[in-house]
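Asker: Please read through the structure below; I'll follow up with questions.
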């Protein structure tokens with residue numbers, strides 16, 4: 001199995017090598033971005049068990065369509081666009097089966113606060129998680145990109161090929177919907 | 001009173017430095033504002049909470065999949081779209097030139113009888 005051998009290679013060099021069909025270069029790109037691509041897909045798809053299949057599809061598309069990456073934008077912009085589109089397509093194919101919000105079983109206790117506060121926070125997290133799963137995929141997309149790497153509104157707009165105003169509007173509406181869910185359960 | 005939009009812009013790092021500094025001071029001084037910010041951060045944290053991590057063999061599985069679907073056999077949709085766009089532009093130009101040419105060819109047929117009529121006694 002060919003493995004990445006030179007971590008010092010720049011992204012542009014790796015992309016050129018992928019164009020030439022070098023497996024090690026593809027493996028290097030996968031390893032550099034796989035965690036972020038998994039997170040981005042999860043943010044939109046909201047089902048841990050479906051993330052890997054979509055991620056594999058994303059990197060396969062990168063390999064197959066690398067010729068269409070012209071280098072005018074940053075590589076991550078192009079990659080995140082491919083990933084977000086694949087995740088939204090997956091949600092569409094899943095049709096009307098609602099996304100399932102997972103139980104929050106990985107929350108560490110916070111010793112700075114009492115049990116009542118912790119229980120309240122845990123309940124809030126459960127409500128918010130379900131509310132996120134209930135959002136339209138377009139809203140989850142902008143929320144996820146925002147949280148993924150603290151991307152600016154401008155960067156999110158570039159990735160999704162939207163205006164900054166549309167990004168702000170979707171973020172605003174998504175968060176307002178989450179807030180309403182919290183208030184309903186307060 | 002701070003509206004949610006301003007607070008979110010603060011958390012998103014989209015306020016200018018002076019506005020951000022003033023708001024930070026207000027949050028520190030106001031427990032209610034601080035509680036609102038805490039709830040907002042909780043909303044943000046939950047977006048990616050629970051995201052799975054790839055296992056060590058994930059890259060190998062991608063490589064195996066790439067061997068099964070070589071790039072040459074796959075239609076590059078982006079490239080195809082660009083080619084189709086160029087063909088469409090060329091077809092539009094050709095149509096415009098043809099129509100113009102036909103137009104000039106047909107005009108004399110309409111003019112000539114009139115001109116001919118004016119020459120009649």
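Asker: Just order B:31-41, A:62-72 by mean Cβ neighbour count inside 10 Å, highest at the front, would you?
Answerer: Final packing ranking: A:62-72, B:31-41.
Asker: Additional query: Would you mind computing Rg(Cα) / (2.2 N^0.38 Å) for the stretch B:4-49, counting N as its residues?
Answerer: Output field value: 1.14.
Asker: May I ask for the Rg/Rh ratio of chain A, computed from Cα atoms with Rh as the Kirkwood radius, given to two decimals?
Answerer: 1.03
Asker: So, one more: Taking chain A as the reference, fit the longest principal axis to its C-alpha atoms, fit the long axis of helix A:23-45 to the helix C-alpha atoms, and give the angle between the two in degrees, 0 to 90, nearest 10.
Answerer: Once rounded, one gets 20 degrees.
Asker: For residue A:123, project a label point 7 Å along Cα to C-beta. Then give me every residue of the stretch B:39-66 with its amide nitrogen under 20 Å of that point.
Answerer: Backbone N within reach: B:39-44, B:46.
Asker: Let me know the mean shielding of A:59-68 by other chains, meaning the per-residue number of their Cβ atoms within 10 Å of its Cβ.
Answerer: On the way: counts 7, 7, 3, 2, 8, 10, 7, 2, 4, 7.
The per-residue average across the peptide is 6.
Asker: If you fit an axis through the alpha-carbon atoms of helix A:164-184 and take the longest principal axis of the Cα set of chain A, what angle between them do you get, 0 to 90°, nearest 10?
Answerer: The answer is roughly 30 degrees.
Asker: OK, next. Rounding to the nearest 10 and keeping the result within 0 to 90°, find how far the Cα-based axis of helix A:48-65 lies from the longest principal axis of chain A.
Answerer: The answer is roughly 30 degrees.
Readers should treat all values here as calculations from the given coordinates under stated rules, not as data from a laboratory. This structure is a prediction, so every number in the text was calculated from the model and none was measured. All Cβ positions, even for glycine, are placed from backbone atoms using ideal geometry, and neighbour counts span all protein chains on display.
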